[in-house]
1. Can you say whether residue 153 is touching a helix residue (DSSP H, G or I) at 6+ places or on another chain (Cβ under 7 Å) and within 19 Å of residue 42 (Cα to Cα), as far as the supplied structure shows?
2. Looking only at the range 145-159, decide whether some residue is open to solvent by less than 30 Å² (accessible area, probe 1.4 Å) and either within 18 Å of residue 18 (Cα to Cα) or not hydrophobic (A, V, I, L, M, F, W, C) (or both).
3. Six or more apart or on different chains, Cβ atoms under 9 Å: show the pairs whose first residue is in the range 184-211 and under 26 Å from residue 163 (Cβ atoms) and whose second is among the hydroxyl-bearing types (Ser, Thr, Tyr) and assigned to a helix (DSSP H, G or I).
4. I'd like the full set of residues that are closer than 25 Å to residue 104 by Cβ and hydrophobic (A, V, I, L, M, F, W, C), limited to the range 118-170.
5. Within the range 62-77, can one find any residue that is open to solvent by 20 Å² or more (accessible area, probe 1.4 Å), of a type in the set (A, V, I, L, M, F, W, C) and without any contact (Cβ under 8 Å) to a residue 60 or more places away in the chain?
6. Among (1) open to solvent by less than 80 Å² (accessible area, probe 1.4 Å); (2) at pLDDT 95 or above; (3) under 20 Å from residue 190 (Cα atoms); (4) not in a strand (DSSP E or B), where does residue 59 come up short?
7. Considering only residues that are more than 18 Å from the chain's Cα centre (by Cα) and closer than 21 Å to residue 83 by Cα, which ones fall in the range 28-53?
8. Sort out which residues of the range 174-211 are open to solvent by 10 Å² or more (accessible area, probe 1.4 Å), in a helix (DSSP H, G or I) and more than 20 Å from residue 155 (Cα to Cα), and write them in order of number.
Amino acid sequence: MSEQADPKERPQLYLISPPAFDPAEFAPRLAHVLDGIEIACLRLTLAATDEDLISRAADALRTVAHERDIPLVIEHHALLAERLGLDGVHLPEGQRGVRKLRDELGADAIIGAACGNSRHDGLNAAEAGADYVSFAPIGDSPLGSGERAEHDLFAWWSEVIEVPVVAEGALSAELVEKFAPVTDFFAIGAEIWDNDDPLAALKTLVAPLDG
């Protein structure tokens, strides 16, 4: 996650877990997806705040991901990353905490920052030492403020900034095709997990990358 993709290469895929799941049931579904398509990184994103539940979920996903040499980062719970043997942290509030986390976790840890549609927050996160910056949503969503991260932001970032950029939020095949030339990663989660066959849903979603 630390090197920006060559503009001529297809963006890599970054998978996001559901906000709630049974680890025993979800692990084989995740393994099926990871075995069927190349994934660069996995993010554990749980709505729960119970440490035991988070730990059990992290253990299950870490086993599946690490068996396939895929790094696993956790959203929010930075203090648990090292304790649970995870590869890094995804910060949902932009640059806040990036510099401190880098000092605490060291150079090898993956630290990502979600920056909404704010170029300013993205720049601050990159300068603070983030390995990647995520802008979202790129599609229409009723969540949050409803403001989208527009194509122009990604086009500018990919032209000027070396830190890799991640596009996520309400993705469609049309948006994947549109944003492919200006992003390094597509982060995908809610778009596939409600389907009976999430791997098939993922392949359909990213089919434009193979066109």
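The values are calculated or read from the model by the stated rules, or taken from the named source; none is laboratory data. From a predicted model like this one, the values you see are computed outputs, not experimental measurements. With ideal geometry, Cβ positions are generated from the backbone for all residues, glycine too; neighbour counts draw on all protein chains shown. For accessibility, only protein heavy atoms count, side chains too; no ligands or nucleic acids. Shrake-Rupley method; radii C 1.70, N 1.55, O 1.52, S 1.80 Å.
1. no
2. No, the range 145-159 contains no residue that is open to solvent by less than 30 Å² (accessible area, probe 1.4 Å) and either within 18 Å of residue 18 (Cα to Cα) or not hydrophobic (A, V, I, L, M, F, W, C) (or both).
3. Short answer, once both residue conditions are applied: 184/158.
4. 123, 125, 126, 128, 130, 133, 161, 163, 165, 166
5. No, there is no match, as no residue in the range 62-77 is open to solvent by 20 Å² or more (accessible area, probe 1.4 Å), of a type in the set (A, V, I, L, M, F, W, C) and without any contact (Cβ under 8 Å) to a residue 60 or more places away in the chain.
6. Going through (1) open to solvent by less than 80 Å² (accessible area, probe 1.4 Å); (2) at pLDDT 95 or above; (3) under 20 Å from residue 190 (Cα atoms); (4) not in a strand (DSSP E or B) one by one, residue 59 breaks only (3).
7. Correct list: 48, 49, 50, 51, 52, 53.
8. Once the filter is applied, which keeps residues that are open to solvent by 10 Å² or more (accessible area, probe 1.4 Å), in a helix (DSSP H, G or I) and more than 20 Å from residue 155 (Cα to Cα), the range 174-211 yields 190, 191, 193, 199, 200, 201, 203, 204, 205, 207, 210.
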